[in-house]
1. For the stretch 104-121, state whether one or more residues are basic (Lys, Arg) and at pLDDT 95 or above.
2. What number of residues within the stretch 173-219 satisfy the criterion of being more than 23 Å from the chain's Cα centre (by Cα) and free of Cβ contacts under 8 Å to residues at least 60 places away in the same chain?
3. Tell me yes or no: at least one residue of the stretch 353-361 is under 22 Å from residue 412 (Cβ atoms), crowded, with 18+ Cβ neighbours inside 10 Å and assigned by TED's automatic domain parsing to the domain that holds residue 150.
4. Taking the stretch 179-210 as the search range and keeping residues that are at pLDDT 85 or above and either in a helix (DSSP H, G or I) or of a type in the set (Lys, Arg) (or both), which one is nearest to residue 61 (Cα to Cα)?
5. Looking only at the stretch 397-419, decide whether some residue is surrounded by fewer than 21 Cβ atoms within 10 Å (Cβ to Cβ), assigned to a helix (DSSP H, G or I), touching a strand residue (DSSP E or B) at 6+ places or on another chain (Cβ under 7 Å) and not hydrophobic (A, V, I, L, M, F, W, C).
6. What residue, of 422, 374, is of a type in the set (S, T, N, Q), closer than 22 Å to residue 347 by Cα and touching a residue at least 60 places away in the same chain (Cβ under 8 Å)?
7. Scan the stretch 234-250 residue by residue and report those that are assigned to a helix (DSSP H, G or I), at pLDDT 70 or above and touching a Lys or Arg at 6+ places or on another chain (Cβ under 6 Å).
8. Restricting attention to the stretch 341-366, report how many residues are outside any helix (DSSP H, G or I) and modelled with pLDDT of 95 or more.
Amino acid sequence: MDEQRKGRRRRPTGSRSATRLTRRGRYLAWSGGVLVVLLLGAGGTGAWLYQRLDGNIRSGDIDNKVGQDRPANLSPGARNILVVGSDSRAGANAEYGKDLDTMQSDTLMVLHVAANREWAAVVSLPRDSWVQIPACDRGDGTTSSPHRFKINEAFATGGSKGDVGGAAACTIKTIEQNTGLRIDHFMAVDFQGFKGMVNALDGVEVCPEQAIHDKKARLDLEAGCQTVDDEQALGYVRTRYSVGDGSDTGRIGRQQEFMQALAAKAQEKLTSPGDLYAVLDSATKSVTTDPALAGIQPLVDLATTVKAIPKDRLIFLTVPNYPRELDVPSDKANIAWQYPQAQDLFTALAKDQEIDKGRLTTASPSPARAIRVQALNGTGTSGAAARAAEHLRTAGYTVAGTGNAPEQADATTVAHPPGLQQQARAVAARLRTTVTPTADPDAAPGVITLTIGPDYSGLRG
């Protein structure tokens, strides 16, 4: 379209604002909308229709691309599901990105369902998270090189040839290596399927408190309540810089609010077979999952499980983070994960321990650059301390020096002077090796001492 269509407006209703989320509704971002539609419609479909819709759901095999170097499954009865909102630039989606011809992950979440099915957590991973991207199969016979970049690049790297399974595999490898959390399943929802679902519902009402004019998102909306569909619906969930604080976390909130409104509209409208089929057809065509989830019944089972969890035990949070500008002043766009809080979160999920959000919050961010670390070589192998120092610098820490340990170490250790326990925990949490920091009254003031042992294997993120 040459000119963006205006929304079907209604007169603003005083102080009314955009649809607010219930706790359960927050899970409805992207794939959650698909799940709720399936849950609402499953009981009303005949067997023939059920089978026809079941065939719409695509699967992507990831087993041969994730690799063998994966975290141990510490809680076999629990499930960790990667949820991706796919910003693919292929086919009809090409119009949404300038100079982009690869898949992009617009939204990343991990849904953890406890083994006892009595609680769950939904963790949002902002797409601007600066992390280590591991070597990944590009799908063309070549392998990418490990490097640090925004987390959403993993989806583009693995999906460079249009394979959603490959894109998911690289994203899973990235999340697992940066968190230590094993991912069991994935679910990806693309732009076009999302748009079809909204259109089949005759649009969804949004109530922006301020006008939104965003050329990148192809969006032109005035303030006030109005119904959006088609390109406007996509623009609303994609817009970022032209509304609010311009952050990715702000966009996550708008996406979640929109999907809550979509779920409510689906519940209201899915009363006739014709409406039901149109919505379910679009919803199922938008989904790609791993083979174990590739069917209406597995997805309905998942939605039913989440629905049965008590409201006060369905937790929603974003991985603790701070602006990466605090570590790298020139980086105004990305975020860094806050340690040790981020690793405390992922360790709890890996062990299937219910999350205490209060323990994950801090009064103020503690950037890596503010922590001084010296690296000592306790391995007896030349160059180990220098390599560790480079890992620390790359992760944002201030390296106070390198050297050899007084004696050879049996294992990697982290020691700290009085008053620096929290900083030592941040360094230890970043290690791929499990280390408990120890206090050393004779340590140099203001410096954390990392002694490299034979078990040292680098840093997360």
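The values are calculated or read from the model by the stated rules, or taken from the named source; none is laboratory data. Just so we're clear, the structure is a prediction, and the values are computed from it rather than from any experiment. Every residue, glycine as well, gets a Cβ built from its backbone with ideal geometry; the counts of neighbours run over all protein chains shown.
1. Yes; the residues of the stretch 104-121 include at least one that is basic (Lys, Arg) and at pLDDT 95 or above.
2. 6
3. No, that holds for no residue.
4. Of everything passing the filter in the stretch 179-210, 182 is nearest to residue 61 (Cα to Cα).
5. Looking through the stretch 397-419, none of the residues is surrounded by fewer than 21 Cβ atoms within 10 Å (Cβ to Cβ), assigned to a helix (DSSP H, G or I), touching a strand residue (DSSP E or B) at 6+ places or on another chain (Cβ under 7 Å) and not hydrophobic (A, V, I, L, M, F, W, C).
6. 422
7. 234, 235
8. Qualifying residue count for the region: 4.
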